[in-house]
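Report on the structure given below.
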Amino acid sequence: MLDCKRTEELMIEAIYGELSEKESAQLETHLDICGDCQQAYADIHSTLGSMSKRERKDPGPVFWNNYWGNLAERMNEEAAGNAPTGIIIWFKSLISFNSWPARIIGAAAILVLGIWLGRGTQNNVKILPDQVSRSAVPAELASLNQRASNYMQRSKVLLLGLINFDTESEDTYSLNLPKQQQISQDLLTLTNDLKYDLNENANHKLKRLITDLELILLQIANLESEHDLEAIEMVKNGVDRRGILLKINLEEMKQASQPVQHRDNPPHAVI
Amino acid sequence: MIPETDLIKDAQNGHSAAFKELVDRHKEKLYYLCLDLTGRHHDAEDLSQETFIKAYKNLSRFREESKFSSWIYRIAVNTHLNQRRKKSVTAMQTTEKMDTLHWGSEHTAAAVNPEEQAHAGQIQEHIDKAMDRLSPKERCVFILRHYDDFPLADIAEIMGISVGTVKSTLFRGIKKLRKALSFYKCDPGMETGYVRL
Ligand SMILES: [Zn+2]
């Protein structure tokens with residue numbers, strides 16, 4: 001004979017269809033003679049019936065489309081966490097100048113600093129750390145491909161946020177410019193190494209796209225305030241005029257058509 | 001479609017495209033698990049991202065014997081439980097006290113008009129509130145079994161506890177939910193019948 005304690009366990013298994021025929025018969029026998037367990041079993045059913053009415057809200061297509069971009073961004077931020085903070089503060093202060101000449105000087109300084117930081121932190125600032133040994137040439141090329149792809153993807157997420165921001169009707173708070181500028185700065189630190197490596201591999205088309213992106217990123221990094229709607233419009237127009245998003249999409253499609261490289265199938269240069 | 005085992009091997013070798021594919025395949029289920037665990041969109045996004053980052057960092061430790069989905073669920077559940085443990089010991093003590101309560105509406109403080117409370121928009125709120133009465137561990141077990149349809153043995157593996165503990169935790173959790181939702185007992189819109197085996 002079953003006791004009430006053991007019956008509790010069987011009730012749980014029975015409800016979720018995890019009970020054997022033999023145990024099922026045992027449970028039924030006990031329920032026939034035990035009013036308390038019978039009531040408890042009915043209560044469980046009733047409660048679970050109510051709980052099944054629970055609805056989960058879909059966060060929407062924008063969330064899902066940006067999921068990887070946001071995740072990659074966070075991974076990159078964590079990887080870049082070791083950058084010297086004093087320099088970053090000074091770096092940030094450069095973009096708070098108000099006049100255009102000062103902005104140009106700031107931009108130039110950012111560019112120079114970008115080169116310097118890019119070299120100094122190149123092992124830290126990576127979207128996804130390349131864990132493959134860099135000694136083999138094909139792996140290095142695949143890694144370059146990944147770096148370029150990650151750079152484009154992050155830029156794209158950033159630019160989409162800016163392009164979709166309506167300067168006429170939306171609250172500038174929703175743009176979150178400081179965050180956008182931080183991402184731009186992070187990307188700028190990667191630009192020079194990337195361009196250099198692309199040049200080395202004679203991938204001039206992708207290098208030109210990265211150069212175009214670099215200019216846009218510099219403009220974003222130098223926006224003095226989210227209230228400077230005219231400057232924001234200028235950046236948006238620049239993205240549009242240069243067809244940057246289209247070029248990124250084409251590159252992504254090209255890279256997506258490449259099969260994932262296998263360990264026993266060393267990756268080849270695809271860019 | 002590339003087999004998952006190949007993607008894992010590629011991701012372990014540092015191919016981020018393979019890892020991206022793994023994320024794409026599992027992001028939805030993981031996000032909803034995190035939403036169930038935390039109850040808030042923002043926290044769910046945060047927890048799911050943290051889970052993927054931890055998975056990425058520990059990919060070399062992943063063994064083929066277990067399913068990748070179970071593995072990331074395990075990371076999510078453990079990360080969540082650790083966060084909760086750090087955040088509030090007091091809140092957990094309060095909910096643990098409820099373990100001694102019994103079945104039945106006689107213990108329910110809320111004397112609510114069933115007709116009023118059964119209003120469609122309010123049902124979700126009541127369910128969420130009922131879930132909030134569970135301890136983090138009870139909530140995890142309940143979610144994994146009831147919403148994510150994991151067998152009891154898999155839940156034991158994910159949470160690193162025995163199957164017996166899973167069952168007793170689940171029973172205790174459902175008791176608490178019953179207490180929180182007991183005013184629905186008379187509502188014809190809810191399932192109340194005694195279901196025979
Ligand atoms: Zn009994």
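The values are calculated or read from the model by the stated rules, or taken from the named source; none is laboratory data. Remember, it's a predicted structure, so these values are computed and weren't measured experimentally. Positions of Cβ are backbone-derived with ideal geometry, glycine not excepted, and every protein chain shown enters the neighbour counts.
At-a-glance table
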{"quantity": "Tabulated pairs, segment B:61-77, first modelled with pLDDT of 90 or more, second of a type in the set (Gly, Ala, Ser), C-beta under 6 angstrom, 6+ apart or interchain", "calculated": "B:ILE72/B:ALA55; B:ILE75/B:ALA55"}
{"quantity": "Segment B:120-132, residues that are within 12 Å of chain A (Cβ to nearest Cβ) and either closer than 15 Å to B:LYS176 by Cα or within 11 Å of the chain's Cα centre (by Cα) (or both)", "calculated": "B:HIS126, B:ILE127, B:ASP128, B:LYS129, B:ALA130, B:MET131"}
{"quantity": "Scan of segment A:18-43 for residues that are crowded, with 17+ Cβ neighbours inside 10 Å and closer than 11 Å to A:CYS4 by Cα, ordered by number", "calculated": "A:LEU27, A:HIS30, A:LEU31, A:CYS37, A:ALA40"}
{"quantity": "Enumerated helices (runs of 4 or more DSSP H) restricted to segment A:183-271, each holding at least 2 residues that are touching a strand residue (DSSP E or B) at 6+ places or on another chain (Cβ under 9 Å), within 14 Å of chain B (Cβ to nearest Cβ) and modelled with pLDDT under 75", "calculated": "none"}
{"quantity": "Test for A:LYS22: is it within 15 Å of the ligand (Cβ to nearest atom) and part of a helix (DSSP H, G or I)", "calculated": "no"}
{"quantity": "Filter result (free of Cβ contacts under 8 Å to residues at least 24 places away in the same chain and either crowded, with 17+ Cβ neighbours inside 10 Å or out of contact with any Asp or Glu (no Cβ under 9 Å at 6 or more places or on another chain) (or both)) within segment A:183-210", "calculated": "A:LYS195, A:TYR196, A:ASN199, A:GLU200, A:ALA202, A:HIS204, A:LYS207, A:ARG208"}
{"quantity": "Qualifying residues in segment A:62-84 (those that are in contact with a Lys or Arg (Cβ under 7 Å, 6 or more places away or on another chain) and within 7 Å of chain B (Cβ to nearest Cβ)) - the one farthest from the ligand (Cβ to nearest atom)", "calculated": "A:TRP68"}
{"quantity": "Inter-residue pairs, beta-carbon under 8 Å, first within 10 Å of chain B (Cβ to nearest Cβ) and in segment A:16-37, second assigned to a loop (DSSP other than H, G, I, E, B) and within 10 Å of the ligand (Cβ to nearest atom), 6+ apart", "calculated": "A:LEU27/A:LEU2"}
{"quantity": "In segment A:151-181, the residues that are farther than 16 Å from A:VAL235 by Cβ and without any contact (Cβ under 8 Å) to a residue 12 or more places away in the chain", "calculated": "A:SER169, A:ASP171, A:SER174"}
{"quantity": "Flag if A:LEU213 is crowded, with 21+ Cβ neighbours inside 10 Å, assigned by TED's automatic domain parsing to the domain that holds A:LEU245 and either of a type in the set (S, T, N, Q) or under 19 Å from A:GLU251 (Cα atoms) (or both)", "calculated": "yes"}
{"quantity": "Breaking point among (1) assigned to a helix (DSSP H, G or I); (2) facing another protein chain (nearest Cβ under 8 Å), for A:PRO59", "calculated": "(1)"}
{"quantity": "Count of segment B:54-86 residues which are among the aromatic types (Phe, Trp, Tyr) and farther than 18 Å from B:LYS9 by Cβ", "calculated": "1"}
{"quantity": "Selection from segment A:28-44 of residues that are assigned to a helix (DSSP H, G or I) and near the ligand (Cβ under 10 Å from one of its atoms)", "calculated": "A:HIS30, A:LEU31, A:ILE33, A:GLY35, A:ASP36, A:CYS37, A:GLN38, A:GLN39, A:ALA40, A:TYR41"}
